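Student: Sharing a structure here in C-alpha cells format.
Just so you know, all these numbers are worked out from the coordinates, no wet-lab data involved. Given the structure is predicted, the values throughout are model-derived calculations rather than measurements. Heads up, the Cβs are rebuilt from the backbone with ideal geometry, glycines too, and the neighbour counts pull from every protein chain shown.
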Amino acid sequence: MAEIGNERLRLVLDHVPALIAYVDASETYQFANRAYETLFGLAPEQMIGRTMREVLGEKYPEAKPHIDAALAGRRTMHDRMVTANRRSHYLHNVYVPHLGDDGRVAGLFILAIDVSDRKALEQDLAHKAHHDPLTGLPNRALFEDCLQQALERAARAASGVALMFLDIDNFKRINDTLGHPAGDEVLKTFAARIKKCVRSTDVVSRLSGDEFVVLLENVADAETAMSVARKLVAAMREEIMLGRDTVTATTSVGVAHSGGRAAIGARELIARADAAMYQAKAAGRNRFHLA
C-alpha cells in the first residue's frame with residue numbers, strides 16, 4: 001500500500017506545473033519531479049545523488065545564501081533568472097527547511113515557479129508608467145527623477161549639467177492642416193532626430209504635446225551644450241515626408257548650463273532652459289538661445 005501511495009504522490013508531483021525537489025543537509029538531491037526535465041531537459045534520475053553546486057552550476061553562488069538560510073532553519077524566497085530552451089525564465093524559488101524527528105534540519109524542500117509572464121507584465125507596466133506611448137521616450141516623471149540624480153552626481157564630481165528645452169515651431173498649424181495622425185508622425189520623427197544628435201547616455205524626454213527636453217551630463221561648459229543645440233536646430237530643418245505631403249518642422253531650443261555650480265537646483269535649471277526657449281521663439285524661431 002505504501003508503494004502505491006508513493007507512486008500516486010510522484011504522479012501528482014510530476015504533473016504539478018512547478019519545479020519540486022528535496023535536498024538533504026549535504027545539499028544533495030534526493031528527489032526531483034519531471035518539471036525539471038520539461039524546463040531544463042534534466043531528468044530526475046540525472047539529478048538524484050548530485051549536489052546543488054553541480055546542478056545549478058554558475059547560478060549556485062546566487063542561490064547559496066538562501067540554501068544556507070534554509071539549512072539553518074529559516075524559510076527563504078528569492079527570484080532568479082535562468083536560461084532554458086533558448087529563452088530567459090524568471091523562477092520564484094521557495095526553500096523550506098525540513099526538520100527531522102530530533103528537531104534538527106535534515107534538508108530542505110524546493111519549490112520553484114516560473115513567473116516569467118508576471119515579470120514581463122510588471123516590466124511592461126513599469127515602462128508604460130514612465131514612458132511616452134507615442135515616441136517611447138521617458139515622460140516627465142522619469143525625466144525629473146533623472147535630472148535630480150544627474151544634479152546630485154554633478155555636485156559630487158563638480159561637473160557640469162546642460163538642459164535643453166525644445167518645441168516644434170508652429171506645430172498647431174501642422175495638426176490643423178494635415179490632421180493629428182500627421183502630427184503624430186512629425187512628433188515621432190522629431191524625437192528620432194533628437195536622439196541621433198545626442199549621446200546614447202543622454203536623456204531625451206517628451207514632456208507633453210510638442211515639448212521635449214534633453215539632459216546632458218558631464219558637459220564641461222556652455223559652448224559644448226551650444227554645439228549640441230546647433231546640431232539639433234540644423235537636423236530639424238530637413239523636410240519630413242508624410243505620404244504625399246512634405247512638411248518642415250523647425251525647432252526653438254533653450255539651453256541652460258549649470259556652470260559647475262553644485263548648489264543649482266532642478267527647478268532653477270528648468271526655469272532657465274524654459275525661459276531661454278521662449279527667447280529663441282521671440283527672436284524668430286528656428287534657432288537656439290543660451291540662458
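Student: Inspect all residues belonging to region 39-49 and state whether any of them is closer than 23 Å to residue 10 by Cβ, under 30 Å from the mean Cα position of the chain (by Cα) and surrounded by 14 or more Cβ atoms within 10 Å (Cβ to Cβ).
Tutor: Scanning region 39-49, I find at least one residue that is closer than 23 Å to residue 10 by Cβ, under 30 Å from the mean Cα position of the chain (by Cα) and surrounded by 14 or more Cβ atoms within 10 Å (Cβ to Cβ), so the answer is yes.
Student: Looking at (1) more than 32 Å from the chain's Cα centre (by Cα); (2) outside any loop (DSSP other than H, G, I, E, B); (3) farther than 20 Å from residue 9 by Cα, find the lone condition where residue 102 falls short.
Tutor: (2)
Student: For the subset of region 220-250 comprising residues that are more than 20 Å from residue 210 (Cα to Cα) and in a loop (DSSP other than H, G, I, E, B), which member is nearest to the chain's Cα centre (by Cα)?
Tutor: Out of the qualifying residues, it is 220.
Student: Tell me which residues, restricted to region 218-232, are polar (S, T, N, Q) and surrounded by fewer than 13 Cβ atoms within 10 Å (Cβ to Cβ).
Tutor: If the condition is that a residue be polar (S, T, N, Q) and surrounded by fewer than 13 Cβ atoms within 10 Å (Cβ to Cβ), then 227 is the only one that fits.
Student: What is the residue count in region 233-277 for residues that are surrounded by 22 or more Cβ atoms within 10 Å (Cβ to Cβ) and closer than 13 Å to residue 288 by Cβ?
Tutor: 11
Student: Take the residues in region 278-291 that are assigned to a strand (DSSP E or B) and in contact (Cβ under 8 Å) with a residue 40 or more places away in the chain; name whichever of them is surrounded by the fewest Cβ atoms within 10 Å (Cβ to Cβ).
Tutor: 287
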